[in-house]
Amino acid sequence: MNCQKLGIILLAAGGSRRLGSPKQLISYEGTSLIRHVAVTALTTEFPTVVVLGASAEKIGRELNDFAVERVENTDWRKGISTSIVKGVGALRKSHPDLEALIIMLCDQPRVDLQTITRLADTYKQTGMPIVACKYNGTAGVPALFGYEMFGELLALEGDTGAKFLIEKYRDSLVTLINAPEAALDVDTERDIRLLNRMKAAA
């Protein structure tokens with residue numbers, strides 16, 4: 001697949017309410033979490049939009065030397081849908097021939113290039129409009145959405161995210177890939193400790 005026909009939206013607008021400080025700035029493998037995940041996105045060579053919100057200026061400085069498009073979602077408090085809508089709009093504007101997009105989160109540090117490549121390859125092989133990751137008995141992001149789903153992504157409201165569409169169409173339009181690496185998302189101090197233990201054991 002031509003990399004210019006597939007893009008990435010990296011959601012990094014949340015306020016990290018449960019952690020109490022910006023999770024995007026947590027130190028991980030010698031850098032910040034947002035830089036670590038952004039490197040994964042950029043390694044794909046797919047055009048990448050990073051959606052910022054809470055602490056946008058401070059977090060945005062972490063990306064000053066990265067070739068990503070940064071957009072600020074001033075409505076981030078209204079829910080994750082506002083970030084998805086902002087990201088889809090920005091990516092389509094800069095790449096009007098976009099065939100599909102992948103939604104990534106800033107707090108899944110174990111997601112790697114292989115994860116994203118498998119999403120893209122599965123889409124190319126199956127043509128299914130949604131390719132999602134399966135882990136811990138559920139299906140979720142990172143997930144790829146074909147152009148047929150762009151309208152539904154743009155119609156999301158409130159705190160409804162991509163998982164809503166994955167569940168809505170799970171029996172008809174969704175292909176799943178096994179991605180246990182996506183199971184860990186960083187929301188609390190306990191998650192940080194678990195992440196550090198995993199790193200030490202690697």
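The values are calculated or read from the model by the stated rules, or taken from the named source; none is laboratory data. The model shown is predicted, which means the values in this text are computed figures rather than measured ones. Glycine gets a Cβ as well: all are built from the backbone with ideal geometry, and neighbour counts include every protein chain shown.
Could you please let me know if Ala143 is among the small types (Gly, Ala, Ser), in contact with a Cys (Cβ under 8 Å, 6 or more places away or on another chain) and buried (at least 18 other Cβ atoms within 10 Å of the Cβ)? Step through it out loud before you land on a result.
Details: among the small types (Gly, Ala, Ser): yes; in contact with a Cys (Cβ under 8 Å, 6 or more places away or on another chain): yes; buried (at least 18 other Cβ atoms within 10 Å of the Cβ): yes.
Yes.
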For residues that are of a type in the set (A, V, I, L, M) and in a helix (DSSP H, G or I), tally how many sit in the stretch 154-164.
-> 2
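Out of curiosity, is Gly151 among the small types (Gly, Ala, Ser) and in a helix (DSSP H, G or I)?
Numbers: among the small types (Gly, Ala, Ser): yes; in a helix (DSSP H, G or I): yes.
Answer is yes for this residue.
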Answer yes or no as to whether Glu29 is among the acidic types (Asp, Glu), surrounded by fewer than 19 Cβ atoms within 10 Å (Cβ to Cβ) and without any contact (Cβ under 8 Å) to a residue 60 or more places away in the chain.
-> no
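Report, by residue number, each residue of the stretch 23-51 that is among the aromatic types (Phe, Trp, Tyr) and modelled with pLDDT under 95.
Here is the first cut: in the stretch 23-51, the ones among the aromatic types (Phe, Trp, Tyr) are 28, 46.
Answer for the stretch 23-51, where residues must be among the aromatic types (Phe, Trp, Tyr) and modelled with pLDDT under 95: just Tyr28.
If you scan the stretch 6-24, which residues turn out to be surrounded by fewer than 17 Cβ atoms within 10 Å (Cβ to Cβ) and either in contact (Cβ under 8 Å) with a residue 12 or more places away in the chain or aliphatic (A, V, I, L, M) (or both)?
Answer for the stretch 6-24, where residues must be surrounded by fewer than 17 Cβ atoms within 10 Å (Cβ to Cβ) and either in contact (Cβ under 8 Å) with a residue 12 or more places away in the chain or aliphatic (A, V, I, L, M) (or both): Gly15, Arg18.
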Would you pick out the residues in the stretch 157-202 that are at pLDDT 95 or above, over 17 Å from Leu144 (Cα atoms) and small (Gly, Ala, Ser)?
-> Gly158
Index of the failed condition, Asp107 passing every other in (1) buried (at least 17 other Cβ atoms within 10 Å of the Cβ); (2) without any contact (Cβ under 8 Å) to a residue 24 or more places away in the chain = (2)
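Go through the residues of the stretch 73-90 one by one and say whether even a single one is among the charged types (D, E, K, R) and touching a Pro at 6+ places or on another chain (Cβ under 9 Å).
Of the stretch 73-90, the ones among the charged types (D, E, K, R) are 75, 77-78, 86.
Filter once more, keeping what is touching a Pro at 6+ places or on another chain (Cβ under 9 Å): none.
Checked against the condition, which is being among the charged types (D, E, K, R) and touching a Pro at 6+ places or on another chain (Cβ under 9 Å), the stretch 73-90 yields no hits at all.
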Only one of (1) part of a helix (DSSP H, G or I); (2) touching a helix residue (DSSP H, G or I) at 6+ places or on another chain (Cβ under 7 Å); (3) surrounded by fewer than 14 Cβ atoms within 10 Å (Cβ to Cβ); (4) not aliphatic (A, V, I, L, M) does not apply to Gln114, and that is (2)
Across the stretch 146-184, what is the number of residues that are over 22 Å from Leu6 (Cβ atoms) and touching a helix residue (DSSP H, G or I) at 6+ places or on another chain (Cβ under 7 Å)?
-> 5
Taking the stretch 165-200 as the region of interest, how many residues are surrounded by fewer than 16 Cβ atoms within 10 Å (Cβ to Cβ), not basic (Lys, Arg) and not in a loop (DSSP other than H, G, I, E, B)?
-> 8
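Conditions (1) under 24 Å from Met128 (Cα atoms); (2) over 13 Å from the mean Cα position of the chain (by Cα); (3) charged (D, E, K, R), marked per residue:
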{"position": "Leu19", "(1), (2), (3)": "no, yes, no"}
{"position": "Lys23", "(1), (2), (3)": "no, yes, yes"}
{"position": "Thr31", "(1), (2), (3)": "no, yes, no"}
{"position": "Glu69", "(1), (2), (3)": "no, yes, yes"}
{"position": "Gly89", "(1), (2), (3)": "yes, yes, no"}
Selected residue (only one of Thr160, Thr175, Thr126 is in contact with a Ser or Thr (Cβ under 9 Å, 6 or more places away or on another chain), in contact (Cβ under 8 Å) with a residue 24 or more places away in the chain, under 22 Å from Gly87 (Cα atoms) and not aliphatic (A, V, I, L, M)) | Thr160
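Residues that are of a type in the set (A, V, I, L, M) and under 26 Å from Lys5 (Cβ atoms): does the stretch 53-60 have at least one? Show your work before the answer.
Our first condition is that a residue be of a type in the set (A, V, I, L, M); within the stretch 53-60, this holds for 54, 56, 59.
From what's left, under 26 Å from Lys5 (Cβ atoms): none.
Within the stretch 53-60, none of the residues are of a type in the set (A, V, I, L, M) and under 26 Å from Lys5 (Cβ atoms).
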